[in-house]
Amino acid sequence: MTDHAYNFAYLDEQTKRMIRRAILKGVAVPGYQVPFASREMPMPYGWGTGGVQVTAACLTPEDVLKVIDQGADDTTNAVSIRKFFQRTAGVAVTDATAAATMIQTRHRIPEQALTEDQILVYQVPIPEPLRFLEPRETETRKMHSLEEYGLMHVKLYEDIARHGSIATAYAYPVKVEGRYVMDPSPIPKFDNPKLSDSPALQLFGAGREQRIYALPPYTQVVSLDFDDHPFTASKAPHDCDLCGASESYLDEVIMDDAGGRMFVCSDTDFCASRRAEGHVGRLGEDQFSSKKIANSFEGICGGAEGTQ
Amino acid sequence: MSRMETLTTPLLQVEHLTKRYGTRIGCADVSFDLWPGEVLGIVGESGSGKSTLLSCLAGHLTPDAGRVIFDTRDGPRDVLAMGEPERRRLSRSDWAFVHQNPRDGLRMGVTAGGNVGERLMAVGARHYGDIRAKATDWLGRVEIAAERIDDRPSAFSGGMQQRLQIARNLVTGPRLVFMDEPTGGLDVSVQARLLDLLRGLVREMGLSAIIVTHDLAVVRLLADRLMVMKGGHVVESGLTDQVLDDPQHAYTQLLVSSVLQV
């Protein structure tokens, strides 16, 4: 195999040092977007090139890696990144949140509380929270440096004016340690409270936009809101149909063309471990496995392990 | 006592302000005082340096020489010696800038209410109901119907856009307003209404204003004092009626005699 031609975790050591310097700067200034010389990766932009580079720079041979995409361990993006690091770094991988030391994620924070021994790496498409209101990069940088964040509230104002409440449901802007306004990547706002005071180190990598930012452990993160329209972490008002969990973030799955639907935990590891403990939801008894539902959700119906 | 003080300190003192573009002169050696509640008109033909002067005063351009001393809430300060954060804070709270083209001064993708509310949120307002009530109030004051509050400026006519821009600028109660051709590009009846509105607001709020225009009718109606510029220099200044009715400088005489009579 040609895999041995690669350095450990694909990137060369100088590149890793450069990324680590950016990460250290990001940790020193929580929420500040540090520019870095993003490398071309063997996967398309939008597939987590930023997160992959941050993971590669932090990975050691002893690490146990978990990769999730929308909470699931077995969707395309997660599978391909996990395989990438298995081949180029030879590290151990796991689906269990508790067993992992490095977790790369897209769009979710695991339901299970993280620990001080873990690093959570986010894939970020657009790191600039002010981008859609102010297209000029020179101006947004100035607004960050001078702490001019009135514009961020204009976005929330527009939400309330149009929809009657703050309709922003993902990539909900937060303020870090009372200083920088940050885009927490497109995680649902349900996950926003988990950003704050987390024991784990949280790193954010945007490959195309060439930015890295970080939340050191136990950083205070506040979701922006209005006094009379306070922030609420929302989720579908149901219990998981497979494991019966009432406090987890749910995906809605359309079952048929007659209005049938079910709600399942988006965190597949959380759901599977609860079912292993004997928790059973409304539809948990029949032939559905969370894996099959996740696959059909992605439009890859009937895989090799199909049970029909 | 405090009233005496405000009457004895000019709001804005400009001393020997000069801006060059390479070897060409933008404006040269301009000095004047602006007193609280006073409206100063700056007239002149295209290229006479009036917009350069206004941009230098408002901090959009950096002049090559001179001083601009503004009577801030903490006493007179040289604006040009201030750091950028402080100057930008000043331009959000105490100053306002009305652009000739409302598209330059408005966020076209944001509703009218959001446009008016932006300055409030920029200075720390965090109560949606209050922001909205104030925006509604200001839309009323510039004669925009309250039910248009959730429409975007792109759905407004040119005159409405300009009035919205004025509301957006005046909502935080600034003390000094810079206006660059506020009536340019509007038809005469809309112009007349806008001027009426502006005159009312300036008097009612006790604003000081610097209005740059080439339209002598605008300054006749709004300005207390007038400065005539040509080739970057101030060629004549004085009370508006005095300058317009008894022009001394040859260029001013030409300017006044060029006005078409209906």
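Brief remarks follow.
- Subset of region A:32-51 [touching a strand residue (DSSP E or B) at 6+ places or on another chain (Cβ under 7 Å) and under 20 Å from residue A:108 (Cα atoms)]: A:48, A:50, A:51
- Any hit, region B:238-250, residues being touching a residue at least 60 places away in the same chain (Cβ under 8 Å) and among the charged types (D, E, K, R): no
- Condition check for residue A:194: away from chain B (no Cβ under 14 Å), assigned to a helix (DSSP H, G or I), among the charged types (D, E, K, R) and surrounded by 18 or more Cβ atoms within 10 Å (Cβ to Cβ): yes
- Of the criteria (1) of a type outside the set (Gly, Ala, Ser); (2) more than 13 Å from every other protein chain (Cβ to nearest Cβ); (3) not in a helix (DSSP H, G or I), which one residue B:151 fails: (2)
- Single condition residue B:120 does not satisfy, out of (1) in a loop (DSSP other than H, G, I, E, B); (2) within 13 Å of another protein chain (Cβ to nearest Cβ); (3) closer than 28 Å to residue B:56 by Cα: (1)
- Summed over region B:79-105, the residues that are within 12 Å of chain A (Cβ to nearest Cβ) and not acidic (Asp, Glu) give a count of 8.
- Helices (runs of 4 or more DSSP H) contained in region B:1-98 and holding at least 1 residues over 24 Å from residue B:239 (Cα atoms) and either in contact with a His (Cβ under 9 Å, 6 or more places away or on another chain) or free of Cβ contacts under 8 Å to residues at least 12 places away in the same chain (or both): B:2-8, B:84-93
- Across region A:108-157, the qualifying residues are those that are within 19 Å of residue A:58 (Cα to Cα) and out of contact with any Leu (no Cβ under 8 Å at 6 or more places or on another chain), and the one among them that is farthest from the other protein chains (Cβ to nearest Cβ) is A:117.
- Here residue A:161 does not qualify as surrounded by 15 or more Cβ atoms within 10 Å (Cβ to Cβ), of a type in the set (A, V, I, L, M) and touching a Pro at 6+ places or on another chain (Cβ under 8 Å).
Each value in this text was obtained by applying a stated rule to the coordinates, not by laboratory testing. Keep in mind that this is a model prediction, so the values were computed, not measured. Glycine gets a Cβ as well: all are built from the backbone with ideal geometry, and neighbour counts include every protein chain shown.
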